[in-house]
């Protein structure tokens with residue numbers, strides 16, 4: 001005949017979790033069948049003979065002493081503690097424990113519910129492993145980024161160093177050409193010397209572009225020396241010099257406004273020269289290149305327009321990046337730094353450069369700078 005006590009024991013043994021009761025010292029007072037089965041013990045081996053903390057692994061035992069007891073003292077209950085409990089054979093069984101304290105003082109009891117958490121433990125271990133792998137991959141990527149940045153910096157510094165050192169031999173060659181011109185060369189010799197002089201000029205322009213590129217990328221940006229000038233006169237003089245470099249091409253100059261402003265005339269002449277060279281290289285050889293300078297209250301603008309095929313749409317987003325050329329038309333003319341340097345010159349003045357291009361209206365590069373009363377400063 002069953003009794004309330006046996007009915008309760010049967011009910012506890014049928015529970016889908018481990019249930020136990022311990023005294024204040026952790027000694028088992030009652031334990032159900034699932035908990036015994038999971039750990040390989042008979043009920044008689046635990047009740048009154050072992051403490052719950054005796055079944056914990058070393059790490060779990062330390063946690064029991066440093067966290068379990070103080071938390072239970074303060075809160076009266078603890079939820080979802082994940083600890084490793086030792087099986088009779090010495091293996092660790094991951095469990096999640098919920099604890100409730102009843103009573104106070106040295107005679108209190110603790111009710112404990114335990115759930116085997118092997119699947120959860122496996123998931124957590126896999127998650128931890130994945131995190132470690134991800135951290136390892138991130139470390140590799142960061143290292144490669146640093147190495148790539150260092151290599152790029154080294155390459156840019158080398159470009160600057162080599163470009164700077166090229167100026168001396170180029171200057172010596174140019175001096176030699178000028179001396180030979182003074183000794184009444186024959187017509188054939190004069191033609192050869194002229195070609196040599198043109199090659200030296202082109203090499204000097206490439207060196208200047210490379211040095212500006214290095215300063216812009218490695219240093220603090222292109223430096224400017226702004227002073228009061230008449231922009232229209234600066235650009236007119238620049239176009240007069242460019243006309244000698246592009247015989248057979250008509251360079252038109254249109255002006256708007258008074259022209260007085262504070263800019264770096266040498267840098268803006270360089271900007272105009274690069275834009276005009278670009279327009280000549282890609283524009284319709286039978287039509288004019290038009291340079292418009294505007295100095296108005298709303299700001300300063302230098303626009304260079306040429307007729308010809310539109311710039312392909314897929315090139316517009318990368319047009320101002322270094323080492324990018326529009327088409328094969330300029331393969332022998334530059335290293336693809338012209339537009340990048342144009343943008344850097346505009347930025348140094350506090351402005352920007354935009355492009356509008358279509359088959360119907362041609363291509364216009366516009367450098368827009370702050371209003372004439374602005375006083376841009378060279379980067380420090």
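The values are calculated or read from the model by the stated rules, or taken from the named source; none is laboratory data. The model shown is predicted, which means the values in this text are computed figures rather than measured ones. Positions of Cβ are backbone-derived with ideal geometry, glycine not excepted, and every protein chain shown enters the neighbour counts.
Keeping to the stretch 309-323, report how many residues are closer than 17 Å to residue 338 by Cβ and part of a loop (DSSP other than H, G, I, E, B).
7
Of the residues that make up the stretch 162-175, is at least one loosely packed, with under 12 Cβ neighbours inside 10 Å, under 28 Å from residue 246 (Cβ atoms), at pLDDT below 80 and over 26 Å from the mean Cα position of the chain (by Cα)?
yes
Across the stretch 349-380, which residue is surrounded by the most Cβ atoms within 10 Å (Cβ to Cβ) among those that are modelled with pLDDT under 90 and either closer than 24 Å to residue 259 by Cβ or touching a strand residue (DSSP E or B) at 6+ places or on another chain (Cβ under 7 Å) (or both)?
Going through the qualifying residues, I end up with 372.
Any idea which of (1) over 25 Å from residue 13 (Cβ atoms); (2) out of contact with any helix residue (DSSP H, G or I) (no Cβ under 9 Å at 6 or more places or on another chain); (3) free of Cβ contacts under 8 Å to residues at least 40 places away in the same chain; (4) not in a loop (DSSP other than H, G, I, E, B) is the one residue 119 doesn't satisfy?
(1)
Looking at the stretch 227-238, which of the residues that are within 40 Å of the chain's Cα centre (by Cα) and surrounded by fewer than 19 Cβ atoms within 10 Å (Cβ to Cβ) is nearest to residue 345 (Cα to Cα)?
Filtering the stretch 227-238 for residues that are within 40 Å of the chain's Cα centre (by Cα) and surrounded by fewer than 19 Cβ atoms within 10 Å (Cβ to Cβ), the one nearest to residue 345 (Cα to Cα) comes out as 227.
Being in a helix (DSSP H, G or I), at pLDDT 70 or above, touching a helix residue (DSSP H, G or I) at 6+ places or on another chain (Cβ under 6 Å) and under 30 Å from residue 343 (Cα atoms) is the requirement here; does residue 229 meet it?
Criteria not met by residue 229.
Could you tell me which residue of the stretch 103-116 is surrounded by the fewest Cβ atoms within 10 Å (Cβ to Cβ), considering only residues that are assigned to a loop (DSSP other than H, G, I, E, B) and at pLDDT 85 or above?
Only one residue tops the list, namely 103.
Any residue in the stretch 39-54 that is surrounded by 18 or more Cβ atoms within 10 Å (Cβ to Cβ) and in contact (Cβ under 8 Å) with a residue 60 or more places away in the chain?
The answer is yes, given that some residue of the stretch 39-54 is surrounded by 18 or more Cβ atoms within 10 Å (Cβ to Cβ) and in contact (Cβ under 8 Å) with a residue 60 or more places away in the chain.
Kindly provide the set of residues from the stretch 78-98 that are exposed (fewer than 14 other Cβ atoms within 10 Å of the Cβ), touching a residue at least 12 places away in the same chain (Cβ under 8 Å) and out of contact with any helix residue (DSSP H, G or I) (no Cβ under 7 Å at 6 or more places or on another chain), ordered by number.
Selection gives 79, 80, 89.
The rows are residues; the columns are (1) surrounded by fewer than 15 Cβ atoms within 10 Å (Cβ to Cβ); (2) in contact with a strand residue (DSSP E or B) (Cβ under 9 Å, 6 or more places away or on another chain); (3) outside any loop (DSSP other than H, G, I, E, B).
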{"site": "248", "(1), (2), (3)": "yes, no, no"}
{"site": "254", "(1), (2), (3)": "yes, yes, yes"}
{"site": "262", "(1), (2), (3)": "no, yes, yes"}
{"site": "273", "(1), (2), (3)": "no, no, yes"}
{"site": "284", "(1), (2), (3)": "yes, yes, no"}
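Residue by residue, here is whether (1) modelled with pLDDT under 95; (2) closer than 22 Å to residue 257 by Cα; (3) outside the structural domain of residue 363 (by TED's automatic domain parsing) holds:
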position: 271; (1), (2), (3): yes, yes, no
position: 277; (1), (2), (3): yes, no, no
position: 283; (1), (2), (3): yes, no, no
position: 291; (1), (2), (3): no, yes, no
position: 305; (1), (2), (3): no, yes, no
position: 312; (1), (2), (3): yes, no, no
position: 317; (1), (2), (3): yes, no, no
position: 324; (1), (2), (3): yes, no, no
position: 328; (1), (2), (3): yes, no, no
